[in-house]
1. Only one residue in B:105, B:128, B:90 is within 27 Å of residue B:7 (Cβ to Cβ) and assigned to a loop (DSSP other than H, G, I, E, B), so which one is that?
2. Quick one: residue A:43 ticks every box in (1) under 24 Å from residue A:206 (Cβ atoms); (2) within 10 Å of another protein chain (Cβ to nearest Cβ); (3) surrounded by 23 or more Cβ atoms within 10 Å (Cβ to Cβ) except a single one, so which number is it?
3. Quick one: is residue B:279 surrounded by fewer than 19 Cβ atoms within 10 Å (Cβ to Cβ) and of a type outside the set (Lys, Arg)?
4. Considering every residue within the range B:42-51, establish whether at least one is touching a Phe, Trp or Tyr at 6+ places or on another chain (Cβ under 6 Å) and either of a type in the set (D, E, K, R) or assigned to a helix (DSSP H, G or I) (or both).
5. Kindly provide the set of residues from the range A:1-12 that are more than 8 Å from chain B (Cβ to nearest Cβ) and surrounded by fewer than 17 Cβ atoms within 10 Å (Cβ to Cβ), ordered by number.
6. For residue A:273, only one of the following conditions fails: (1) crowded, with 22+ Cβ neighbours inside 10 Å; (2) touching a residue at least 40 places away in the same chain (Cβ under 8 Å); (3) within 24 Å of residue A:333 (Cα to Cα). What is its number?
7. Can you list the helices (runs of 4 or more DSSP H) lying wholly within the range B:231-347 that have 1 or more residues being within 30 Å of residue A:201 (Cα to Cα) and either under 24 Å from the mean Cα position of the chain (by Cα) or more than 14 Å from chain A (Cβ to nearest Cβ) (or both)?
8. List every residue pair whose Cβ atoms sit under 9 Å apart, with the two residues 6 or more apart in sequence or on different chains, where the first one lies in the range B:1-30 and is closer than 13 Å to residue A:38 by Cα and the second, anywhere, is in a strand (DSSP E or B) and among the acidic types (Asp, Glu).
Number of protein chains: 2
Amino acid sequence: MEKRIYNFSAGPAVLPEEVLKEAQENLFALPGVGMSILEISHRSKTFDKIINEAKEDLRKLLDINDNYELLFLQGGASLQFSMVPLNLMKNNKADYIITGSWSKKALKEAKRVGTINIAASTEEEKFKRIPKQDELKLDPSADYVHFTSNNTIYGTQWHTEPGVGNVPLVCDASSDILHRKIDVNKYALIYAGAQKNMGPAGVTFVVIRKDMLERSSDSLHTMLNYKIHVENASLYNTPTTFGIYIIGLIAKWLLKNGGLENMYKVNFDKANLLYNCIDESGGFFKGHAAKDSRSLMNVTFNLTTEELEKKLIAEASAAGFDGLKGHRSVGGLRASIYNAFPPKGVEDLVSFMKDFQQKNG
Amino acid sequence: MEKRIYNFSAGPAVLPEEVLKEAQENLFALPGVGMSILEISHRSKTFDKIINEAKEDLRKLLDINDNYELLFLQGGASLQFSMVPLNLMKNNKADYIITGSWSKKALKEAKRVGTINIAASTEEEKFKRIPKQDELKLDPSADYVHFTSNNTIYGTQWHTEPGVGNVPLVCDASSDILHRKIDVNKYALIYAGAQKNMGPAGVTFVVIRKDMLERSSDSLHTMLNYKIHVENASLYNTPTTFGIYIIGLIAKWLLKNGGLENMYKVNFDKANLLYNCIDESGGFFKGHAAKDSRSLMNVTFNLTTEELEKKLIAEASAAGFDGLKGHRSVGGLRASIYNAFPPKGVEDLVSFMKDFQQKNG
């Protein structure tokens, strides 16, 4: 069996080994089916069971009640940046909270549809933090408020949802969905590209409150219309069948391992280990994000010089720690430690970092 | 190893066993990479090599010159039904040739964008045939002409492109791309959902002539803009990495097995075997499509009664021939025999059909 390395990539990202092994075992032919998951019809009984179980398991994991519909779409969060305003803007105005590059991309598409109020932005502070509740300049008559729950590039994360009163709350949760239990009832719509915590690239998960569907106009292009996708239970056209299958396996893996309560505990411990190493380094390592805005998914930090950063990345890579280079817009280092990233990998990285500090500090 | 059955499904459909085996072997970790194809970054060197080789191999297979760009997008042919008119209509008028349900779906979205001239339709004849050249009522000032090269539901196929003069020709080739060599230079744009001849569901292949890109307006939503996808070499956002990997393996499998010249020969022989069995049955089996419009990909036929059809489907299914039930809008039977469907499976089906006729004729 091929040796695996530690994958700190921001996404697509590490998946649970058990899930990979099961998918591998059954890739040539699903047991009792005689065809590969790559070959079966999306309208077959076999796939019906796969997609329905995936939905049910996700409902269980996130306690999603019947007031919400679940969709598996294509086009990533990037297509949602357009679908959200196209479907949900009924009075052509919405509030956007800007906490990083992805929020800005969402904003760009929304501006094509209506008038956007920027409720808050931390761009002037290099997106080092999440805005505080009393900084939000919300419009009570907005069609919705949009925010990005976790900012992969800057390593910041909302630890509690922005309070938005009765205005529908919309969240891009691409990079932290399923990392802990959230109260879905606070949201009107949640979307997430699967390729971080949920599965492989090519599937977008959408949770939409049923009353939102009334806003989808018949004049929308069919593939951009949430209502049509709901009416067709994500099978208006052929979905990414394999991706949905893997999401189903991951949901079962989460349920088997204590659900999201346990996942949160593991994620909290993993991140803490790394943040403690940074904070206790006496300035050798320096976290990018403000402490109260730190992400449990993406730990961003710098060293005192770019030269040292390059050295650490090179030596780490040679030692089997892959993907630690920070995003070009921030520089430094980034360790993405999503759900499936093994705690042992964080422990090993911390040892490596301490060792590096001793030799270079 | 799990036993495999004969999969006559219209799509997602059978894939080459060699490709499935290679994908299976490497699913846990790509050789020398230490991560699964499901986990690697779309911006990594490993994936760069995968996507670039897939493109080069597809260029070789279809003799595509530098005058064309190749894209791997999401959303299936269904999203192309919208993207084509949104990008290519500059004077808001286009010609559509209607040869089946998929043409009609493409038409529906195009009508949201501009005025459509139906250049021909064989709907009154239950889409049993492809219109002849002299039936086409083309507008020489149309922005483009759209046609569907193969009609999965009705089992018809264009054996040569419609002649459209200097008007850009756009083709939905979802169900017969790569089944033979075509002269790409006749086309302005070809699109295809991968899930029949190319790979798993979740990737859309687009070949676009460079001059068409001038038509993409900056006001388009980013994910719907061909020009932006070309400028970003299909990596504006995270693509369906696994699907592109499988497409790459299939392109290599085709090149290794004599390219599209040989594939066409194999496809021709497979289809002929089945059509001969139908034609020589003395009316026991009856082909749906007109002889000169028959598809090499989807062989549609009826028996004399619905009861007999049900019986044959049930007995075939028990004998390991899956997916023979015709589409609900046509009824009868449909054997989809795409590139990867093994000749032996067609031979076995023909024996089975002859045997069934002997017992029930």
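The values are calculated or read from the model by the stated rules, or taken from the named source; none is laboratory data. Owing to the predicted nature of the structure, the values given are computational and were not obtained by experimental measurement. Here the Cβ positions follow ideal geometry from the backbone for every residue, glycine too, while neighbour counts run over all protein chains shown.
1. Matching residue, one of B:105, B:128, B:90: B:128.
2. (3)
3. yes
4. yes
5. Across the range A:1-12, there are no qualifying residues.
6. (1)
7. B:241-256, B:259-279
8. That search, which allows pairs on different chains as well, returns B:7/B:322; B:9/B:322.
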